[in-house]
Amino acid sequence: MPYQAFIMLLAGVGIPLLAALNARLGANIGSPAAAAVVLFVVAFSAAVVVTLITGPSALRALSGQPWHLFTAGLFVAFYVLTITWIAPSFGVGNAVFFVLIGQLISAAAIDHFGLFGAQVTPVSAMRLLGILVMAAGVAITQLAPRA
């Protein structure tokens with residue numbers, strides 16, 4: 001397995017962990033929004049450290065970037081706030097299930113149209129079948145009777 005695939009596998013493992021940990025923090029302190037703030041402070045601090053280590057000179061190029069590229073931060077905030085609010089009552093597995101379905105749909109559209117400079121990978125019948133099988137597999141894990 002190439003190292004990129006392994007790193008992304010670890011990132012995938014982290015998504016439910018993030019959801020469960022931050023949802024618990026929000027429940028413990030009585031405020032999912034405050035838990036999200038804590039998460040962002042920790043994440044921001046980690047990103048600053050990595051930027052300082054890898055070369056902060058890239059920050060100078062920010063002013064010349066199209067405004068819409070900065071909206072990614074809104075998507076992160078939306079994800080963290082919603083997962084922190086919803087997971088305690090809906091379940092981490094259920095919440096992540098719907099996140100994964102959304103990711104499959106969005107990723108297929110982004111690749112199909114080459115949005116935001118992504119490599120164009122058309123949604124062929126085989127790829128669509130693969131996405132449907134993946135979605136079915138995720139659904140089976142959530143709809144299976146609980147023991």
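The values are calculated or read from the model by the stated rules, or taken from the named source; none is laboratory data. All figures in this text were calculated on a predicted structure; none of them were measured in a lab. We work out accessible area using only protein heavy atoms, side chains counted, and drop any ligands, DNA or RNA first. Shrake-Rupley method; radii C 1.70, N 1.55, O 1.52, S 1.80 Å.
Brief remarks follow.
- Whether region 83-147 is rounded, prolate or oblate, judged on the alpha carbon gyration tensor where a/c under 1.5 counts as rounded: oblate
- Of all accessible heavy-atom area on the chain, the percent that carbon and sulfur account for (1.4 Å): 78
- Distances between every pair of Cα atoms in the chain, grouped in 10 Å steps from 0 to the bin holding the largest one, split as 9, 28, 37, 22, 4, 0 percent.
- Accessible area expressed per residue, the chain, with surrounding protein chains retained (probe 1.4 Å, Å²): 70
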